[in-house]
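To start, the structure under review is shown below, and the notes come after it.
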């Protein structure tokens, strides 16, 4: 799991495979590893030199580092543990830091309050008491929070599914949470999903909060967050498959009405199964030739909305400064809905937006060096549009905030490097629609395109599948991607065995979002959840 580990000897690629995976993000490498483990000859390609997608790590001066701030959740009981077991990785490959994070609340009265938490879950009552103490909440103000917790945890799946069309903000506000707890929960939702809280389905948020309450959060991977993706690529090669880095996909080949392979910068490769981890919009709008699927489906794909971006700065520090591997700074201004985001887009920035900082060497000391003992990756919410002027303003505001909160940090900064939506898009998802490309997660987990309304993994072209955060999984960021990888791989295997009911060649279309007034979730029907797919 270290940057110095030698690569498996790479064989010359063959021209025919059982399955081709386009894109080596965590969804793609998981699907590739599962299929390779089940005996399929797999080709895994990516335009980058390393696998990992948005979680890809880089090397500088012989030391690995993340490209932008990242950590995972849940810590325990996640699909990442399933992936690590599949790859026969030691338990130490997954790091469960303690402490994992410090939450700093910048209160309206000017006070600065702090809560330090481990990555493993803690007892609910004890955690509630710590919240009361840390954020200045009065015990008698907790009735709504306790009620929300009990009701959310007790919802059976059918009732939870009806919350696909109810926003998390609407759900929260029914319980009249005390202001610091409301600010904290909104900020967590922005951090977990990188979407506006008034468009995040309560069903998605509640499921994730249940997972975090049960399994904790703040998970990291030895050698860097993307190190497990690199292990998965090596696993594919060890199983007789092929991993091709620095390989751009030009076009999905179609023969006799089905996917038949991929045309790339290294030539054409054939397979009866093509799994795209390039994103549903780049796949449909760039990799498929016009007329391959219906114009209606293409139009619906074009109108899908991405998540927001995280933009910021990598600070090289010449001395240890931070004490905790993750720092989250929030305030009454930092839980964003659509209105707050729109104001920031217009240049009306809050004084204290949501700030997220990770320090990889505090997870794994091997990620530091004598000259650079810490690299601090700091980010704030921004626009997924690679050309948006909002992101420059966001980075300016963030640097101003960092300097104000930690005035003694500046003398230790030996190098700073900004990253924005343009850099994210160039490294990961191709920008094929205006306003898209630099998103943090992928397809936004929004009402109308999430839960039961999420696009299905089977494309409307036989043999073509989508994997990753756009389809097939649930959870936070890379956890959702790995979940999708397992699910889509199993779907492909069932399809190959002929066990799937129905006609594969007539997949359901993407949902057309429905909008309407909010209704209580215990009434039948739900609202705004889109057509079932």
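So which helices (runs of 4 or more DSSP H) stay within segment 51-160 end to end and still have 1 or more residues that are more than 30 Å from residue 244 (Cβ to Cβ) and at pLDDT below 90?
Here the list reads 124-135, 143-154.
Please work out if residue 10 is modelled with pLDDT under 95 and more than 27 Å from residue 73 (Cα to Cα).
So residue 10 passes the test.
Restrict the check to segment 474-491 and report whether at least one residue is buried (at least 23 other Cβ atoms within 10 Å of the Cβ), on the phi > 0 side of the Ramachandran plot and touching a residue at least 24 places away in the same chain (Cβ under 8 Å).
The answer is yes; a qualifying residue exists.
Would you please name the residue that is surrounded by the fewest Cβ atoms within 10 Å (Cβ to Cβ), looking only at residues in segment 449-466 that are touching a helix residue (DSSP H, G or I) at 6+ places or on another chain (Cβ under 8 Å) and either assigned to a loop (DSSP other than H, G, I, E, B) or modelled with pLDDT under 95 (or both)?
Checking each candidate, the answer is 452.
A quick yes/no check of all residues on (1) modelled with pLDDT of 90 or more; (2) crowded, with 23+ Cβ neighbours inside 10 Å; (3) touching a strand residue (DSSP E or B) at 6+ places or on another chain (Cβ under 8 Å):
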residue: 409; (1), (2), (3): yes, no, yes
residue: 418; (1), (2), (3): yes, no, yes
residue: 421; (1), (2), (3): yes, yes, yes
residue: 434; (1), (2), (3): yes, no, no
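Take segment 227-241 and flag every residue that is touching a strand residue (DSSP E or B) at 6+ places or on another chain (Cβ under 8 Å), surrounded by fewer than 22 Cβ atoms within 10 Å (Cβ to Cβ) and either free of Cβ contacts under 8 Å to residues at least 24 places away in the same chain or outside any helix (DSSP H, G or I) (or both).
The one that is touching a strand residue (DSSP E or B) at 6+ places or on another chain (Cβ under 8 Å), surrounded by fewer than 22 Cβ atoms within 10 Å (Cβ to Cβ) and either free of Cβ contacts under 8 Å to residues at least 24 places away in the same chain or outside any helix (DSSP H, G or I) (or both): 239.
Does residue 268 satisfy the criteria of being more than 27 Å from residue 475 (Cβ to Cβ) and either part of a helix (DSSP H, G or I) or out of contact with any strand residue (DSSP E or B) (no Cβ under 9 Å at 6 or more places or on another chain) (or both)?
Taking the combined requirement at face value, the residue does not satisfy it.
Name the single residue that is surrounded by the most Cβ atoms within 10 Å (Cβ to Cβ) among those in segment 383-396 being over 11 Å from residue 345 (Cα atoms) and touching a strand residue (DSSP E or B) at 6+ places or on another chain (Cβ under 7 Å).
Step by step, filter segment 383-396, then rank; the result is 384.
Taking strands (runs of 3 or more DSSP E) that fall entirely within segment 274-353, which contain at least 3 residues that are more than 20 Å from the chain's Cα centre (by Cα)?
309-317
Give 319, 366, 342 a once-over and let me know the one that is modelled with pLDDT under 95, over 12 Å from residue 381 (Cβ atoms) and surrounded by fewer than 23 Cβ atoms within 10 Å (Cβ to Cβ).
After ruling out the rest, the residue left standing is 366.
Please go through segment 157-179 and pick out each residue that is within 20 Å of residue 335 (Cα to Cα) and over 24 Å from the mean Cα position of the chain (by Cα).
Passing the criteria: 173, 174, 175, 176, 177, 178, 179.
Every residue in segment 200-215 that is under 17 Å from residue 166 (Cα atoms) and surrounded by fewer than 22 Cβ atoms within 10 Å (Cβ to Cβ), please.
Listed by number, the residues that qualify are 206, 207, 209.
Pick out the one residue from 268, 230, 296, 290 that is at pLDDT 95 or above and in contact with a helix residue (DSSP H, G or I) (Cβ under 9 Å, 6 or more places away or on another chain).
None of the other options fit; the residue is 230.
Listed here are the residues, each with its yes/no results for (1) free of Cβ contacts under 8 Å to residues at least 60 places away in the same chain; (2) in contact with a strand residue (DSSP E or B) (Cβ under 8 Å, 6 or more places away or on another chain); (3) under 15 Å from residue 71 (Cβ atoms).
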site: 322; (1), (2), (3): yes, yes, yes
site: 325; (1), (2), (3): no, yes, yes
site: 328; (1), (2), (3): no, yes, yes
site: 349; (1), (2), (3): yes, no, no
site: 359; (1), (2), (3): yes, yes, yes
site: 363; (1), (2), (3): no, yes, yes
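For segment 51-76, give me each residue that is more than 23 Å from residue 379 (Cα to Cα) and in contact with a helix residue (DSSP H, G or I) (Cβ under 7 Å, 6 or more places away or on another chain). Outline the logic, then answer.
To start, the set of residues in segment 51-76 that are more than 23 Å from residue 379 (Cα to Cα) comprises 61-62, 76.
Passing the criteria: only 76.
Please specify each residue of segment 354-372 satisfying the condition of being over 20 Å from the mean Cα position of the chain (by Cα) and assigned to a loop (DSSP other than H, G, I, E, B).
If the condition is that a residue be over 20 Å from the mean Cα position of the chain (by Cα) and assigned to a loop (DSSP other than H, G, I, E, B), then 364, 368, 369, 370, 371, 372 are the ones that fit.
Does any residue of segment 476-495 turn out to be in a loop (DSSP other than H, G, I, E, B) and over 27 Å from residue 158 (Cα atoms)?
no
Collect the residues in segment 35-50 that are in a loop (DSSP other than H, G, I, E, B) and either at pLDDT below 90 or surrounded by 24 or more Cβ atoms within 10 Å (Cβ to Cβ) (or both), keeping them in residue-number order.
Within segment 35-50, just 46 meets the criteria.
The values are calculated or read from the model by the stated rules, or taken from the named source; none is laboratory data. For clarity, every value in this text was computed on a predicted model and none was experimentally measured. Glycine also receives a Cβ, built like all others from the backbone with ideal geometry; neighbour counts cover every protein chain displayed.
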